[in-house]
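The values are calculated or read from the model by the stated rules, or taken from the named source; none is laboratory data. Predicted, not measured: the structure shown is a model, and the values here were computed from it. Note that we place each Cβ from the backbone using ideal geometry, even for glycine, and neighbour counts take in every protein chain shown. Calculation scope for accessible area: heavy atoms of the full protein, side chains included, ligands and nucleic acids excluded. Shrake-Rupley method; radii C 1.70, N 1.55, O 1.52, S 1.80 Å.
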Amino acid sequence: MSKSIDTICVQGGYKPGNGEPRQVPIIQSTTFTYDSSEFMGKLFDLEASGYFYTRVQNPTNDNVAAKICALEGGSAAMLTSSGQAASFYAVFNIASCGDHIVASSELYGGTYNLFAVTMKRMGIEFTFLPLSCSDDELEAAFKPNTKAVFGETLANPVLSVFDIERWAKAAHAHGVPLIVDNTFPTPVNCRPIEWGADIVTHSTTKYMDGHGAAVGGCIVDSGRFDWLAYADKFPGLTEPDESYRGVVYAEKFGLGGAYITKATVQLMRDLGSIQAPQNAFLLNLGLESLHVRMQQHCANGQAAAEFLQAHSKIVEVKYPGLPNDPYFELGKKYLPNGSCGVVSFRVSGGRTGAETFMSALRLGQIATHVADARTCVLHPANATHRQMNDEELAACGIAPDMIRLSCGIEGTADLLADLEQALAAV
Ligand SMILES: *Cc1c(COP(=O)(O)O)cnc(C)c1O
């Protein structure tokens, strides 16, 4: 019987046996021992399954990844050391030098820089398109060497809603998977695989951890993309890997296991961005209350957005829960139970007004963080998107005086009172 999201948040993943610990154990061990070196050989040939070295896999991480996999409705999942590592692995697992990716331009600043600068240097070319692009523009972005499409369910910080069905249709028409970063809504508010996404990534640092305690990431595969049907596009999954005695991932591990197995045994082995088991344990504690916290984050986000929109010192508010927001309709479709606790807005008085407002907040703290139990606030043009010029900022939908308010789970009246007194200072 399939369980509700609420129950999976609390009890998904780890299943203790008779007499075993109730809480997921932290396996604080770099290595694992076996009785024979013959068996070890089988592990190294991927002929047997088991743990051998924590740079590649660790049981604590796998228990927590299994919970996120169930939350997203995927076939396999892996944790990574950060959301950045998840985005990088998700793309690099199926694209290499000489390949091309179609991406939404409305992305987290770190992802944009990873794609536009660092991965470009590795020979992977990205075409960025605004969500407002026409069908013809989207169609024209694809090239014979395109290997994937990438978007963010709810973009950080501009809060535009990605039309997953539309972009999935375009990706599939060109024989490539759609990768969706689902960090902001979390599977509590949106499950991209149900709308056609093939691979889902997360910065677990945000709502999933939820307490500002541990940086982490996750990749979930739907198991639905048929790599073998487009074998010549994805040789890494459909041709022999000589580093494992000629294993062909798509054949040996099936559609449900090929992508995550390859990312684990090749990318984790070679690049080693494993999440510390301690952090995975903290992440799991966060997941246990994710469904309850998201409700309060959304209630506070909605209340703050409505309050700000009605205030005379506010120029513009972006929040898909506002009926006059350009993404209200798409929000109703993809995020019917609420979007997240983040509200983006512009205060009158330009950059100075933004600075004055932010310093005057008491409950809300200035922090390079978002999606935390405690309210925090950030000036993207000055922080996360600092590496962009005004033109690039505009392409991402970010005004130089835009503020990103991340509503925590404090009392709603206290939060609104804090906004009110800070606006009085502007
Ligand atoms: C923060 C964030 C990332 C990067 O995650 P880290 O855990 O900080 O590496 C990626 N995508 C989105 C949407 C984010 O908000």
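Worth pointing out:
- Tally, over the stretch 213-245, of residues that are at pLDDT below 95 and assigned to a loop (DSSP other than H, G, I, E, B): 1
- Criterion violated by Asp270 - all others in (1) within 22 Å of Asn58 (Cα to Cα); (2) open to solvent by 30 Å² or more (accessible area, probe 1.4 Å); (3) touching a helix residue (DSSP H, G or I) at 6+ places or on another chain (Cβ under 8 Å) satisfied: (3)
- Residue in the stretch 329-345 that is without any contact (Cβ under 8 Å) to a residue 24 or more places away in the chain, over 21 Å from Pro130 (Cα atoms), outside any loop (DSSP other than H, G, I, E, B) and open to solvent by 20 Å² or more (accessible area, probe 1.4 Å) present: no
- Test: Ala148 is within 17 Å of Ile219 (Cβ to Cβ) and either open to solvent by 10 Å² or more (accessible area, probe 1.4 Å) or under 15 Å from the mean Cα position of the chain (by Cα) (or both): no
- Against the test of being in contact (Cβ under 8 Å) with a residue 12 or more places away in the chain, farther than 18 Å from Ala90 by Cα and not acidic (Asp, Glu), the options Pro130, Pro177 yield a single qualifying residue, Pro130.
- Set side by side, the residues Glu316, Glu355 differ, and just one is among the acidic types (Asp, Glu) and in a helix (DSSP H, G or I), which is Glu355.
- Which listed residue is hydrophobic (A, V, I, L, M, F, W, C), under 19 Å from Leu271 (Cβ atoms), within 16 Å of the ligand (Cβ to nearest atom) and in contact with a strand residue (DSSP E or B) (Cβ under 7 Å, 6 or more places away or on another chain), from Ala86, Ala95: Ala86
- Among the numbered conditions (1) charged (D, E, K, R); (2) farther than 25 Å from Asp372 by Cβ; (3) open to solvent by 10 Å² or more (accessible area, probe 1.4 Å), the only one that Asp221 does not meet is (3).
- Consider the stretch 114-167 and keep the residues that are among the hydroxyl-bearing types (Ser, Thr, Tyr) and touching a helix residue (DSSP H, G or I) at 6+ places or on another chain (Cβ under 7 Å). The one that is nearest to the ligand (Cβ to nearest atom) is Thr153.
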